[in-house]
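Notes follow once the structure below has been shown.
The values are calculated or read from the model by the stated rules, or taken from the named source; none is laboratory data. Only a predicted model underlies this, so the values are computations on that prediction, with no experimental measurement involved. Glycine gets a Cβ as well: all are built from the backbone with ideal geometry, and neighbour counts include every protein chain shown.
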Amino acid sequence: MTKNNEKVIMLGKIKISSRQFSILIAIYMIGSAILNIPAMLQIVAKQDTWISTIVALVVGLCVLPLYIYLGNRFAHANFTWYIEKLLGKWLGKIVALLFLVTFPAIVAILTLRNIGDFMTTQILEDTPIQAILIIILSVVIMGARLGLEPLARAAELFFPFIMVLLIVFIVLAFPHINFNNVQPVLENGLKPVLKASLIFIAYPFLEPIILSMLFPSVQHTEKNGKALFTGVLIGGFIMVVITILTILVLGTQTVSFAYPSYALAKLIRLGDFLVRIEIIMAVIWFITIFVRLALLFYISIVGIAQVLNLKDYRSLTFPIALLLVPLSLLAFPNAAYFQEFTPIWTIHALVMGFIFPLLLWLIDILKGGGKKTP
Amino acid sequence: MKRSGLLLCICISLVVFVTGCWNRRELNELAIAVGMGIDKSGDQYEITVQVVEPSEVAGKKGGTSSPVTLFQAKGPSILEALREITTISPRIIYLAHLRVLVLGESLARAGMADALDFMSREPEARNDFFIVVAKEAKASDTLKILTNLEKVPSVRLFSTLETSEQQWAPTTTVKLDELISVLVSEGKHPVLTGLVPLGDLAIGETRKNTETVKSPAELQYTGLAVFRKDKLIGWLSNEEGKAYNYVTNQIKGTVGYVSCPDGGSISLKVIRSKTKVKGSVNDEQPQIEIEVRAEANVGEVQCHLDLTKNETITKVEKWANEKLENLIEMTVSRVQQDYKVDIFGFGEVIHRSNPKAWKKLKDHWDQTFVNIPVHVKVNSKIRTLGKVSNSFLEQLKE
């Protein structure tokens, strides 16, 4: 540990394999969205939510080339260096800091609050939310301090369990499917469907821009694009399946469930012996949310460390983690506010996850960066 | 070395203090509720909770006291009444193992929706209990009766309803999520199975009820309660209940008889049944077509028929079709005329098949429902004849 401190630990020094990168992204996409997305979409699109999810997945995949392009540009050094090169030193630093604070850091804050809210509504009703947040965050701090490699390896280990549990979940929910729940198709026209898909695109399909900052840490730079694509495809596909399943099983009544996927897990039973297994399903949520949170936290602090030219990002873990807890409590006062917050977040994510990278790309093109020379 | 010693100390002290006992609910601190009854008295809710007496249920030793205990409390809301029970009960009521929720008829007539919000909101309550209505009785009366075969009366109520739905079909099992989704639906009104306490209720409350061969007091499911939105407006008979289950495709197995032309009857065991309801709208006039496909086995023959001939089987099938068509048509028209509420979900069928027309129809759907023509077509197939082909009665009489 002491020797590591002397080295300058930056993203570029650490290497994970493209397979691990894909797995990280897939888990990232599932985490926290699996709790919120079904309810958020069904409020808007009712029985047509399944169309919205598919539209969102397709659009989400279409945005990826932009991120891959930018990611490949970051890969030569890192995100901050790239922005500084494009916008000049000081403007670049300010923009990079603003982006890091208003996108990955805020997503981290919201994710932390989501898991806290879920635990306090569904499982540990009387436990103070702070206790849950601090315990989760302490694991996240540990993960972030250990660095990306152990995190990626942990994700790689978790992945088979997540997949097996998800498949069990999906298969056991199958007998409850009722296709009447998705009829009539397009009753209220296309507008609510597109609105819902916009929500889904913004959360989480516009977030891979954050993950593309990890490009320098992946071994085979040329395979990064494919790895990102695979990860988003797997994660997005699981999200689509789970969301569609909640409508098919619970119907549009799910609007009144705060966590439809958990309500769905409660229905699962195999004969009379495999019942009440929803908490096992909740374990997948925890693991995915941990990976998501750890990635966001890691990327935020490493990015901030780069902007501030710090030697080691580790000195930032505790101060920023300390900020995260009160901020996540301040983020929204109650559960109702979170629902009203959805459209605002959609716009924010569009600006941060689409317009900002688009601008970067345009500036890059204008500066003649299209040629692949660093 | 010093560092690792310190770490070890911290770990040991953490093990002692952070054992995950924050919200612990020890089994011996919980009153496990298996049945819950809600009645209305004045503007207060009267809650009856049937709680398992663990020492009486566990193991083989039959104790001397009752296997369940009953707690009752009144309050302006369900939650308040439930918490008030803590003034009587030494343990907090734990709802996760609830088997039945009984609604008193007076509450059902006044409107049950308000009472249901608590059950859907409470994270502890699950979705796997049945909801029934105490017919011409208070919910509390039905939960007071002790039963045999199953020591815990609520568990017995649960299994009875499950079995009778599968084998006999005039009853229907309704769970909370189904009930709520029907309540909020614009094209369907709910029904719930009725529960009647029979016999000497005073003895039913004591252990004597389980000591005699024939219990003096029993609980029986009978008929379906018809609701207009959340208010009970009337009852369907057992036969009508069966027709309801045919229309809503909920028949898992049942028995029906057909009369033979020269006296006597044949009973048919329905082993599979599938119903398709199709809706169409012509010139703003909705129409419903019900198509039932049933497979049955011959269960009992009490008349003179030569069952070895295919011709006879076809005849019996035809009679069965006519009889079931008749039953369904009569039930539908009785609901249309007497209750004027769409319990069959025809509105939802129209909604699915023709959403545009539904937009115009939905505001006055119940008035429209009363007059819509319903065509029923039953197609039943007889598969096997049982252990014997022709009845021995054939030879006995000749």
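What the table below lists for this structure:
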| quantity | calculated |
| --- | --- |
| Some residue of the stretch A:58-78 being of a type in the set (D, E, K, R) and modelled with pLDDT of 85 or more | no |
| Some residue of the stretch B:319-327 being touching a helix residue (DSSP H, G or I) at 6+ places or on another chain (Cβ under 8 Å), among the aliphatic types (A, V, I, L, M) and more than 17 Å from residue B:271 (Cα to Cα) | yes |
| Residue among A:102, A:121 that is in contact (Cβ under 8 Å) with a residue 40 or more places away in the chain and under 18 Å from residue A:349 (Cα atoms) | A:102 |
| Members of the stretch B:145-176 found to be under 13 Å from the mean Cα position of the chain (by Cα) and within 13 Å of chain A (Cβ to nearest Cβ), listed by number | B:158, B:159, B:162, B:175, B:176 |
| Residue check for residue B:98: of a type outside the set (S, T, N, Q), assigned to a helix (DSSP H, G or I) and touching a helix residue (DSSP H, G or I) at 6+ places or on another chain (Cβ under 9 Å) | no |
| Within the stretch A:182-224, tally of residues that are of a type outside the set (A, V, I, L, M, F, W, C) and closer than 14 Å to residue A:62 by Cβ | 2 |
| Residue check for residue B:41: small (Gly, Ala, Ser), in contact with a strand residue (DSSP E or B) (Cβ under 9 Å, 6 or more places away or on another chain) and in the same structural domain as residue B:211 (by TED's automatic domain parsing) | yes |
| Wholly within the stretch B:126-226, helices (runs of 4 or more DSSP H) carrying at least 3 residues that are touching a strand residue (DSSP E or B) at 6+ places or on another chain (Cβ under 9 Å) and more than 28 Å from residue B:267 (Cβ to Cβ) | B:139-144, B:153-167, B:176-184, B:201-204 |
| Residue that is farthest from the other protein chains (Cβ to nearest Cβ), among those in the stretch B:91-106 that are out of contact with any Phe, Trp or Tyr (no Cβ under 7 Å at 6 or more places or on another chain) and closer than 16 Å to residue B:154 by Cα | B:104 |
| All helices (runs of 4 or more DSSP H) inside the stretch B:262-369 with 1 or more residues being away from chain A (no Cβ under 14 Å) and not basic (Lys, Arg) | B:310-334 |
| Options A:365, A:320, A:344; residue that is among the aliphatic types (A, V, I, L, M) and over 21 Å from the mean Cα position of the chain (by Cα) | A:365 |
| Residue in the stretch B:294-311 that is in contact with a Leu (Cβ under 8 Å, 6 or more places away or on another chain), modelled with pLDDT of 90 or more, small (Gly, Ala, Ser) and crowded, with 17+ Cβ neighbours inside 10 Å present | yes |
| Inter-residue pairs, beta-carbon under 6 Å, first in the same structural domain as residue B:34 (by TED's automatic domain parsing) and in the stretch B:151-173, second in a helix (DSSP H, G or I) and surrounded by fewer than 21 Cβ atoms within 10 Å (Cβ to Cβ), 6+ apart | B:151/B:57; B:170/B:238; B:171/B:164 |
| Matching entry among A:275, A:325 (being out of contact with any Asp or Glu (no Cβ under 9 Å at 6 or more places or on another chain) and either within 30 Å of residue B:178 (Cα to Cα) or hydrophobic (A, V, I, L, M, F, W, C) (or both)) | A:325 |
| Failed item in (1) modelled with pLDDT under 90; (2) of a type in the set (Asp, Glu); (3) crowded, with 16+ Cβ neighbours inside 10 Å, with residue B:240 passing the rest | (1) |
| Pairs where the first residue, in the stretch B:333-356, is under 17 Å from residue B:376 (Cα atoms) and outside the structural domain of residue B:286 (by TED's automatic domain parsing) and the second is outside any loop (DSSP other than H, G, I, E, B) and modelled with pLDDT under 90, C-beta under 8 Å, 6+ apart | none |
| Qualifying residue in the stretch A:281-296 (condition: more than 30 Å from residue B:352 (Cβ to Cβ), buried (at least 17 other Cβ atoms within 10 Å of the Cβ), more than 14 Å from every other protein chain (Cβ to nearest Cβ) and aromatic (Phe, Trp, Tyr)) | yes |
| Search result, residues across the stretch B:180-212 that are at pLDDT 90 or above and buried (at least 18 other Cβ atoms within 10 Å of the Cβ) | B:189, B:190, B:191, B:192, B:193, B:194, B:195, B:197 |
| Helices (runs of 4 or more DSSP H) contained entirely in the stretch A:112-211, each with at least 1 residues that are within 14 Å of chain B (Cβ to nearest Cβ) | A:129-146, A:148-173, A:191-200 |
| Matching residues in the stretch A:348-358 - criterion: being under 17 Å from the mean Cα position of the chain (by Cα) and without any contact (Cβ under 8 Å) to a residue 24 or more places away in the chain | A:351 |
| Odd one out for residue A:76 among (1) more than 19 Å from the chain's Cα centre (by Cα); (2) part of a helix (DSSP H, G or I); (3) not aromatic (Phe, Trp, Tyr) | (2) |
| Filtered residue count, the stretch B:359-385, keeping only those that are of a type in the set (Ser, Thr, Tyr) and surrounded by 19 or more Cβ atoms within 10 Å (Cβ to Cβ) | 2 |
| Some residue of the stretch B:26-48 being modelled with pLDDT under 90 and β-branched (Val, Ile, Thr) | no |
| Failed item, numbered, when residue A:98 is tested on (1) part of a helix (DSSP H, G or I); (2) within 14 Å of another protein chain (Cβ to nearest Cβ) | (2) |
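Yes or no, residue by residue, for (1) buried (at least 18 other Cβ atoms within 10 Å of the Cβ); (2) touching a Gly at 6+ places or on another chain (Cβ under 6 Å); (3) within 14 Å of another protein chain (Cβ to nearest Cβ); (4) on the phi > 0 side of the Ramachandran plot:
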position: A:243; (1), (2), (3), (4): yes, no, no, no
position: A:250; (1), (2), (3), (4): yes, no, yes, no
position: A:265; (1), (2), (3), (4): yes, no, yes, no
position: A:273; (1), (2), (3), (4): no, no, no, no
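Table: residues versus (1) of a type outside the set (Val, Ile, Thr); (2) farther than 21 Å from residue A:345 by Cα; (3) touching an Asp or Glu at 6+ places or on another chain (Cβ under 9 Å).
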| site | (1), (2), (3) |
| --- | --- |
| A:208 | yes, no, no |
| A:213 | yes, yes, no |
| A:229 | yes, yes, no |
| A:240 | no, no, no |
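Let's see how each residue does on (1) in a helix (DSSP H, G or I); (2) more than 14 Å from chain A (Cβ to nearest Cβ); (3) under 17 Å from residue B:34 (Cβ atoms); (4) β-branched (Val, Ile, Thr):
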| position | (1), (2), (3), (4) |
| --- | --- |
| B:69 | no, yes, yes, yes |
| B:72 | no, yes, yes, no |
| B:80 | yes, yes, no, no |
| B:89 | no, yes, yes, no |
| B:108 | yes, yes, no, no |
| B:114 | yes, yes, no, no |
| B:118 | yes, no, no, no |
